[in-house]
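Let me begin by presenting the structure, written as structure tokens, before commenting on it.
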Amino acid sequence: MRIFDPHIHMTSRTTDDYRAMHAAGVRAVVEPSFWLGQPRTSPASFYDYFDSLLGWEPFRASQYGIAHHCTLALNPKEANDPRCTPVLDELPRYLVKDNVVAVGEIGYDSMTPAEDTALATQLELAAEHELPAMVHTPHRDKLAGLRRTLDVVRESPLAIDRVLVDHLNETTVQEAKNSGCWLGFSVYPDTKMDEDRMVAVLERYGPEKVLVNSAADWGKSDPLKTRKVGDAMLKAGFAEDDVDRVLWRNPVAFYGLSGRLALDLEEPAATHEGNSILRGGE
Amino acid sequence: MTTTADTLRTHLHSVLDDPARAWLDRALTGAATPPADPAAAPAGSGPPAPRKPMPAWELRFAEAGRRCGPTHADDARVLLLLTARPDADTLRPLYDRGTAAERRAVLRALHELVPGTEAVPLVEDALRTNDTSLVAAALGPYAAEHLDAHTWRHAVLKCLFTGVPVDSVAGLGRRAAGDRELARMLHDYASERTAAGRTVPDDLHRVLDLTAPPAERGHLPAAAGGASSKES
Ligand SMILES: [Zn+2]
């Protein structure tokens, strides 16, 4: 089973996770820039974070035979903090980078006017840079959040079929599907979706344009959820081709819209010991 | 155009496909043309100037990977640098806000672009990272020329630590020759590895051999205690 996790925050994960993910079949990931759990207090913190998503994290991933790309943006939560919003002025010089395959995660957190502005501005930036956009739907007031998100996308210069709407569930999938966007589902322990609910959604709505991710981060989450969904699909009678479509071909097609996806992995020089993940002077 | 640039251009022309070659030629033409000087406008009049847009060649520099493919992107970026010939002040932000691939290209081009020691901080930054591709790129001819002895020795040791082949260290033989402090560090590292029951990398012995004083130096000073006992 080859797996592409289209949404995972590897910065928060260990090398053991990389090893386990590779063993489970994960060969490619996309890491969206997001909130760190601890508020940033200046734009410079974002630039260091972006640099890490463009340098150190792909290097770490390559040691485990996993291709790493990223999406960059000012996240919805911090779009509300005037100390952070100057990031929007610097974003264009990052969006031209080779490893950036979308603008994201953008979207709504609390649905404030500041979030309206950040979302609209960044959808425009995506269109300008010929990038797709990865849009997160809010955890609270989800259906209203989805509707408002889709309205802003329709008013933007970015075509809806270049937008991935993430964190969908049973209550939002139908409206999202009707809109023509790509459909993202985050499978989490306890919250968001679980494997069996995911399988039920796939049975009801089909695998077309569906992407499944672990959204694993610094919270309670599981970087192997993608594999678990694949196994649950097979158990429920889906064909291997359906699994491959959802877990590989759909994410490749969506992020491939950027023209920047590079999946021909070179064999890492020192896979076994993860040789170069050594601390200096140790 | 320098000889290095000519060699790179010839090489890239032979390996790139048609669209990539056409892209590269356009990018090089753009890089060779100095941008219009916005400083010509009278200072102090009117509203503050908006942020300077990124020069076109810097955009080409960023997108070289998706235009030329990851295998040839490093060479294409170095060639763009050798054509645009930015000074150390321009190289700094290019490096600081660069991806790992962009940083490698800046490091590789330093010896052709920066005659003095102004760019040593970039090399030192790369040597602090644990990305082995950056460490290797940092140790080119510029580092051989300008790094102080202490920093250079630690860089060599870091190569042995992280598995960077010492073949990537420019001027290794010349700088290592007669360096008894480097020899001591290598011996100590070998003892530490042996004590931990780990093998001593072949490259360590290679560098150790290079630290022997050049033969033409007639009188060898007595070896420091213990330092001459060779690991098996
Ligand atoms: Zn996320």
### Task
Over the stretch A:1-111, give the accessible area per residue in Å² for a 1.4 Å probe, as an integer.
29
### Query
Chain pair B, A: how much accessible area is buried, both chains summed, with a 1.4 Å probe, in Å² to 100?
2000
### In nm, spacing of pseudo-spin labels at A:ALA262 and A:GLU175 (7 Å Cα→C-beta vector)
4.1
### Task
Return the distance in nm (one decimal) between the two label points of a simple spin-label model at B:THR117 and A:ASP48, each offset 7 Å from Cα along Cα→Cβ.
2.8
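Over the whole of A:92-100, what's the average partner chain Cβ count within 10 Å per residue? Rounded to a whole number, please.
On the way: counts 4, 8, 3, 1, 8, 9, 11, 5, 2.
Counting Cβ atoms of other protein chains within 10 Å of each residue's Cβ and averaging gives 6.
If I take R0 = 35 Å and measure r between the Cβ atoms of B:THR29 and A:THR14 in this structure, what FRET efficiency does the formula 1/(1 + (r/R0)^6) give, to the nearest 0.05? Write down the numbers at each step before the final one.
On the way: r = 47 Å, r/R0 = 1.35.
Computed FRET efficiency for B:THR29 and A:THR14: 0.15.
Of all accessible surface on the stretch A:3-258 at a 1.4 Å probe, what whole percent is carbon and sulfur? Could you put the intermediate results ahead of the total?
Values: 4540 of 8980 Å².
Carbon plus sulfur share of accessible area: 51 percent.
How big is the Rg/Rh ratio for the protein assembly as shown, C-alpha atoms only, Rh by Kirkwood, two decimals? Display every interim value, and only then the final one.
Working: Rg = 25.8 Å, Rh = 25.2 Å.
Rg divided by Rh gives 1.02.
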### Query
Which FRET efficiency value, to the nearest 0.05, do you get for B:THR7 and A:ASP244 by plugging their Cβ-Cβ distance into 1/(1 + (r/R0)^6) with R0 = 56 Å?
0.80
### 24 Å Cα-Cα reach of A:LYS142 towards lysines, excluding residues that sit fewer than 8 places from it in its own chain
A:LYS77, A:LYS177, A:LYS192, A:LYS209, A:LYS220, A:LYS225
### Query
Rg and Dmax of the stretch A:149-256 over Cα atoms: what are they, in angstrom?
13.6, 42
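What is the ratio of the Cα radius of gyration of chain A to 2.2 N^0.38 Å, with N the residue count, to two decimals?
0.95
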### Query
What is the mean number of Cβ atoms from other protein chains located within 10 Å of the Cβ atom of each residue in peptide B:89-97, rounded to a whole number?
1
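Computed over the Cα atoms of the stretch B:80-171, what is the ratio Rg over Rh, Rh following Kirkwood? If you can, show how the numbers build up before the last one.
Numbers: Rg = 12.1 Å, Rh = 12.9 Å.
Ratio value, two decimals: 0.94.
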### Message
Starting from the 7 Å offset along Cα-to-Cβ, what nm value, one decimal, do you get for the label separation of A:ASP196 and B:HIS205?
### Response
6.1
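What FRET efficiency, computed as 1/(1 + (r/R0)^6) with R0 = 41 Å and r the Cβ-Cβ distance, is obtained for B:ASP17 and B:ASP148, rounded to the nearest 0.05? Please report the intermediate quantities before stating the final value.
Values: r = 44 Å, r/R0 = 1.08.
E between B:ASP17 and B:ASP148, to the nearest 0.05, is 0.40.
The values are calculated or read from the model by the stated rules, or taken from the named source; none is laboratory data. This structure is a prediction, so every number in the text was calculated from the model and none was measured. Heads up, the Cβs are rebuilt from the backbone with ideal geometry, glycines too, and the neighbour counts pull from every protein chain shown. Quick note on the areas: whole protein, heavy atoms, side chains included, nothing else; ligands and nucleic acids left out. Shrake-Rupley method; radii C 1.70, N 1.55, O 1.52, S 1.80 Å.
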